[in-house]
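Peer 1: Can you keep this structure in mind? I'll have questions shortly.
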Amino acid sequence: MNYKIKLGSLILGLAIFPTFLSAQQDSQRPQGGKRPSVQELFSEMDNNKDGRLSKEEVKGPLQNDFQKIDTNHDGFISKAELKEAPKPEGGPQQGRPPRDGKPQPTN
């Protein structure tokens with residue numbers, strides 16, 4: 001009986017943990033839609049402090065667009081390449097499309 005309670009608690013904890021991580025990451029995002037500067041991105045992502053970002057170091061939209069941003073195709077994103085990178089477009093189309101495939105109404 002005690003084993004079943006411990007196992008149930010473990011499973012519940014594992015189910016809740018990803019939700020906690022997601023909420024914590026959301027709380028660390030900039031407020032008011034302000035995008036981080038190149039310096040802020042490098043401070044956050046350049047784990048080995050070599051002044052360039054590898055594909056393993058970047059996350060989010062930078063990882064998805066790595067090949068586009070790495071214009072000299074050396075496998076790293078420099079500060080200059082990041083400054084020249086096309087900015088993501090804002091507005092209602094930004095982000096993941098709705099699951100049903102229908103466009104969301106704009107206000």
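Derivation of every value follows stated rules applied to the coordinates shown; laboratory data play no part. Since the model is a prediction, treat every value here as computed from it, not as a measurement. Heads up, the Cβs are rebuilt from the backbone with ideal geometry, glycines too, and the neighbour counts pull from every protein chain shown.
Peer 1: For region 37-87, what is the charge dipole size about the Cα centre, in debye to the nearest 20, if Lys and Arg each add +1 at the Cβ and Asp and Glu each add -1 at the Cβ? Working shown, then result.
Peer 2: Details: 8 positive and 11 negative charges, 24 e Å.
The dipole of region 37-87 has a size of about 120 debye.
Peer 1: Would you mind calculating the gained length between ASN47 and LYS59 on full extension (0.36 nm times residue separation, minus the Cα-Cα distance), in nm to one decimal?
Peer 2: Contour length minus the Cα-Cα distance gives 3.1 nm.
Peer 1: Across bins of 10 angstrom width beginning at 0, how are the C-alpha pair distances of region 37-87 distributed, in whole percent?
Peer 2: Reading upward from the zero bin: 29, 64, 6.
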